[in-house]
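S.K.: Below is a structure I'd like to ask you about.
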Amino acid sequence: MKKKLVGTLFVLGMAALSATGCSSSESTATSAAPAAGENSAAEEANTTEAPASGEDVQVVTFWYNNTGDEAKVYEEAIAAYNASQSKYKVEGLSVTDAQKLIVSMSSNEAPDVIKTGNQSIIQYTKNGLLQSVQEYVDAESFDTSVFSEQSVEANRIDGDLYALPLDAYTIQMFYNKTILEEIGYTEPPETMEEMYEMAVKATKLDANGNIDVLGYPLFPYASARQELIYGFGGRWWDENSKPTPLNEGVLDSLTMNVAYRNEFGGKALDGFIGTANTNRYTEQDMFFQGKQLFRLDGSWLPTMMENFGSDVDWGITLIPGTEEHPEYRGSARFETDSIAIPIMAKCKEGAWDFTKWLCSGDGAKIIDLGTGNLPALKSLYDDPDVMAVPGFPEFIEALELGKGVQYPQMSDYDEYMNLVNATLDSIYAGNEEPEAALQALYEQSKDFE
Amino acid sequence: MKVKKTKQERKDFLYGLLFASPWILGFLAFSVYPLLSSLYYSFTEFNAVTAPKWVGLENFIDVFRDPLVWKSLRNTLFMAFVSTPINLMVALLLACIVVRNFKGRGFVRTAFFLPSVIPMVAATMVWIWMFDPTYGYINNVLALFGISGPSWLLDARFTKWALVLMGTWNTGTTMLVCMAALQSVPQSYYESAEIDGAGVVKRFFYVTLPCVAHVIVYQAILSIINAFQYFQQVYIIVTANAGVKGGSAAGGPENSILMYPLYIFHNAFTYLKMGKASAMAWLLFLVVAVLTVVMTKVTKKVTEDAGGE
Amino acid sequence: MNILLAKKKGKDLLFYLLVVVLAIIFISPFMVMVLTAFKTNSDAFTIPVKLLPREWVLDNFPAAFAAIPYFKYMGNTIFITAMSVVGQLLVTPLVAYSLSKIHWKGADIISGLVMATMMIPITVTMVPLYKIYSKLGLTNTYVPLILPTFFGKAFYIVIVRQFFSGVPDSLIEAARIDGANHFICYGKIAMPLCKPVLTTIGIYAFLDAWSDYLYPLIFITRPEKYTLSLGLQQYMSEYSVDWARLMAAALVFVLPVVICFAIFQKNFVEGIATSGLKA
């Protein structure tokens, strides 16, 4: 009985073996699940519009790390690509867990194309996991100047290009005009000092000592670690991608953060931030509800606010600089979502063809508009549909300043950032003085590369 | 006679092997190779994908020098030796209640046990929601008593206690075992103690506890071994808390809930240092193995002292 | 006399109060899940926080069902879960019987190995394990999810072995003297005895397979083969969480488990209670 069962299972399993790599699409998938029903094949045909005579069609597998509505946008782009030519058939899959990607790469079952952030591109390249696309670019004399210079730079590692940029990502300062007027200002701040003054005036506590309106943009966390520091000219790494936690701007920024925390109480702030984190980007998002004066955030925020019907009167401005160095104004992180080909991909020709189409062909617009990300493709900078998105004109203008702060080319970046974040936590909790904490961070991180 | 005995022994050996063969087969086919591989990886520089490079003891030296390894070990020890005793006490208290005969006992027992059957992912998400500083039920209930609750999952001083609190909900299994143990204490013991004038508290400490001690110790050992594998809950919390584009530390505020297995995970799949992760795993294995042997010895002694099995 | 009675009554009242409070505390996470599932998202985020929805809405459920092919994933999950439970129930008692009731050289070694395999984290064995299944051509099938259950899981083997060690050897010895071999002893004596503990194992195996996330994540790469727990994860989008909907989705995920527990509750309780006793 037992043996028979196991045997049956094996047979079932073998039958369920599906095609991988550059195989003909004919052989795909008989589902092993008895209860799964027959509609899977029909569904698939619907979304991918496989050409009728698919004898020579090669399958290209593509993993993207988006879910929900964004995943639908990617499927839409894939369908458009499949309809546009008959040589390759791209099959998409939403994979948000990097663990799955790594494990599949370890057994040569990697997808042919992946979409991920350019920081992962750097890490994967440093570990030898990605195919350089430089040779394709050179062989075809593909013109990379169709992309903004920053976005190409973001994917160039040790001189070679390892991915094409799909979209760009930067941060600016949103502000609530109504609150700003209430406290007696008409213009948003241009320096950190001004911003601090406004933030203190705008912060409101309720009867229980909880924060009702947050002035200083300590939420989201990520911007406190990045833009608030860049505005002071601070950097966590130098041009050689070596950690620099003892940088002066870092200390100045943290000193200001700590001053604000001391003024209004760390516990009250943590309470506000915790809740803001719970309901971020929902209808109850703190900024959408008029409970934040400043918010450092991305280009999708205005569209979200429109969709949720928020009645907050908002404006966009550059990240402030300092009184001493006004030229620091407008510094913000610069990232790209990138399309890359794993070194063990089975269908590299098809992968490159799809990569090109997605990043520089019709794909880019579908993705950028659908996910609310800024274009990396320069031709889209004055595309009427792109410019019609609320907030995009301001963000694209900021991108054109070229002041984006790039990721370091560190393999140990994640490990370093974990230490940085923990150090910030510790400073905010009042366990350590900023100087001492940063010194300790330096000691711990100096060997990262 | 002697010949027969060996024949019997050989027969038993074959039976034993036959009955245990599914597990042995699985072990040989799907455990031995992965285990030996990970042991080999621990002596290599390996990013999980490209060919491993032999580096000797470098990973082990790295592990001993990394302050986060020690921090994560301390966090894990906290779960093993603070959370576990609290859970046992809660379980014992609940068991003392459901062992009594009262109306609605079945319902109460179900209520106590229900949290233990809710899948971990769903339960943890509910807890994250309950721990929210403003909208969470916990702080709202505390507010009824005039206590202003902390930002549980954001304040390093409270994160571990939040985990402890979560853990106490999950004591259903231990409660049932304790309940059965309590039921097995002969009624006559209590009666004679009562005649001697012992009150409820005295009876608990002088009659109940010694009689169920062996069960509790055994449960404690199982819980402690499990505590060293404590991973999924913190992984979910940290992921949910990370905020936009990784705004917080990989192990919660100040890495206060960076558990040892979570740090292994990060080394393996986030930092792509499978070699170091494997070294950490094997070191933990040795520690837990020694601990288990010691604790089992202790149990045997406690059990014998209690005059039990 | 009256005073004593009153005192006893007072004590009873206190006891009941304690019990009710504790029961409420223990049931509250589940209730929070249920009640939030019937709220609108804005209701969930309104101060003062109310336990009951201000307005009961059902919208979250169709939304949860529409977001993922719920019933298809449910079918897949049921198939995997059923096979896993069958596997564990067939194999676990066999191995446990061998380790505690057949006295053979090697039983101790195997027992030690069983314990040892519990202590190595899956994180570091995942890559080589995947390589094996990949070589066998079994990735992207349910085999890696189901096959291991037919080898017996260490934790369950330990539980059942624990249970068997409470069964007196003399029962089996007597049967053996009467000429019964171990197959007969196992089938006629051991199996009937361990019914309650098998229920426990069954429910554990059910829970494990139902909520397993890691194995399906790693091994399954076709959406039509996904399980519910994978689908649920998909449902939480990367940046924001719609808590009311999430709770609705979690509720429909949890419900089959709770129902299953309600049905087998009595055996389950009995099984756990008897298995953990002997040290």
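Taken together, the values in this text are just the output of simple stated rules run on the coordinates, not laboratory data. On a predicted model such as this, the values are computed, not experimentally measured, just so you know. Note: ideal-geometry Cβ built from the backbone for every residue, glycine included; neighbour counts use all protein chains shown.
S.K.: Strictly over 19 Å apart at the Cα level, which of A:Lys126/A:Lys242; A:Lys72/A:Lys365; A:Lys89/C:Lys72; A:Lys204/A:Lys291; C:Lys195/C:Lys266; A:Lys378/A:Lys403 would you flag in this model? Please list the in-between numbers first.
M.R.: Values: A:Lys126/A:Lys242 15 Å; A:Lys72/A:Lys365 15 Å; A:Lys89/C:Lys72 25 Å; A:Lys204/A:Lys291 9 Å; C:Lys195/C:Lys266 12 Å; A:Lys378/A:Lys403 16 Å.
In this structure, A:Lys89/C:Lys72 lie more than 19 Å apart at Cα.
S.K.: A follow-up question, please. If the cut-off is 19 Å between C-alpha atoms, which lysines fall inside it for C:Lys39, apart from same-chain ones fewer than 8 positions away?
M.R.: Those lysines meeting the cut-off are C:Lys50.
S.K.: So what's the gap between the Cα centers of region A:286-359 and region A:396-449, to the nearest angstrom?
M.R.: When both Cα centres are located, 20 Å separates them.
S.K.: Give the separation of the Cα centroids, region A:202-241 to region C:109-125, in Å.
M.R.: About 46 Å separates the Cα centre of region A:202-241 from the one of region C:109-125.
S.K.: In percent, how large is the relative contact order of chain C, given Cα pairs closer than 8 Å and 6 or more residues apart?
M.R.: Values: 264 pairs, mean separation 87.5, N = 279.
Value for chain C: 31 percent.
S.K.: Just rank C:Trp56, A:Trp352, fewest to most, by other beta-carbon atoms within 10 angstrom. Could the numbers behind the result be given before it?
M.R.: On the way: C:Trp56 11, A:Trp352 25.
Least to most surrounded, the residues fall as C:Trp56, A:Trp352.
S.K.: I need A:Trp357, C:Trp243 ordered by Cβ neighbour count within 10 Å, fewest first. Walk me through the numbers on the way to the answer.
M.R.: Values: A:Trp357 20, C:Trp243 25.
With the fewest neighbours first, A:Trp357, C:Trp243 line up as A:Trp357, C:Trp243.
S.K.: Order of B:Phe145, C:Phe45, B:Phe205 from fewest to most other C-beta atoms within 10 Å?
M.R.: Values: B:Phe145 7, C:Phe45 22, B:Phe205 11.
Ordered by Cβ neighbours within 10 Å, fewest first: B:Phe145, B:Phe205, C:Phe45.
S.K.: What does the average come to when, for each residue of peptide A:220-227, you count the partner chain Cβ atoms lying within 10 Å of its Cβ?
M.R.: Values: counts 5, 10, 7, 3, 1, 4, 2, 0.
Rounded to a whole number, the mean comes out at 4.
S.K.: Among A:Phe294, A:Ile319, A:Phe308, whose Cα sits farthest toward the positive end of the charge dipole of region A:289-328 (+1 at Cβ of Lys/Arg, -1 at Cβ of Asp/Glu, about the Cα centre)?
M.R.: Looking along the dipole axis, the top candidate is A:Phe308.
S.K.: Further, regarding this structure: If the cut-off is a Cα-Cα distance under 19 Å, which aspartates and glutamates reach B:Lys297, setting aside same-chain residues fewer than 8 apart in sequence?
M.R.: B:Asp305, B:Glu309, C:Asp108
S.K.: Over all distinct Cα pairs, what is the inverse of the mean 1/r for chain C, reported as the Kirkwood hydrodynamic radius in Å? Numbers along the way, then the final one.
M.R.: Numbers: mean 1/r = 0.0446 Å⁻¹.
Radius from the Kirkwood sum: 22.4 Å.
S.K.: Let me spell out the model: positive unit charges on the Cβ of Lys and Arg, negative unit charges on the Cβ of Asp and Glu, origin at the Cα centre of the protein assembly as shown. What dipole size does that give, in debye rounded to 20?
M.R.: Numbers: 76 positive and 100 negative charges, 1582 e Å.
Dipole magnitude for the protein assembly as shown comes out near 7600 debye.
S.K.: Taking the Cα centre of the protein assembly as shown as the origin and placing charges on Cβ (Lys, Arg +1; Asp, Glu -1), which of A:Thr96, C:Pro216, B:Pro67 is farthest toward the positive end of the dipole?
M.R.: Of the listed residues, the answer is C:Pro216.
S.K.: Right, another one. Gap in Å between the Cα centre of region B:111-189 and the Cα centre of region B:203-229?
M.R.: 20 Å
S.K.: Now for a separate question. Using Cα pairs closer than 8 Å and at least 6 residues apart in sequence, work out the relative contact order for region C:84-155, in percent. Could the numbers behind the result be given before it?
M.R.: Details: 39 pairs, mean separation 44.6, N = 72.
For region C:84-155, the relative contact order is 62 percent.
S.K.: So, one more: Excluding residues fewer than 8 places away in the same chain, name every one of the aspartates and glutamates whose C-alpha is closer than 15 Å to that of C:Lys135.
M.R.: Cross-link targets: A:Glu109.
S.K.: When Rg is the radius of gyration of the Cα atoms in the protein assembly as shown and Rh is its Kirkwood radius, what does Rg/Rh come to?
M.R.: Values: Rg = 30.5 Å, Rh = 31.1 Å.
Computed over Cα atoms, the ratio is 0.98.
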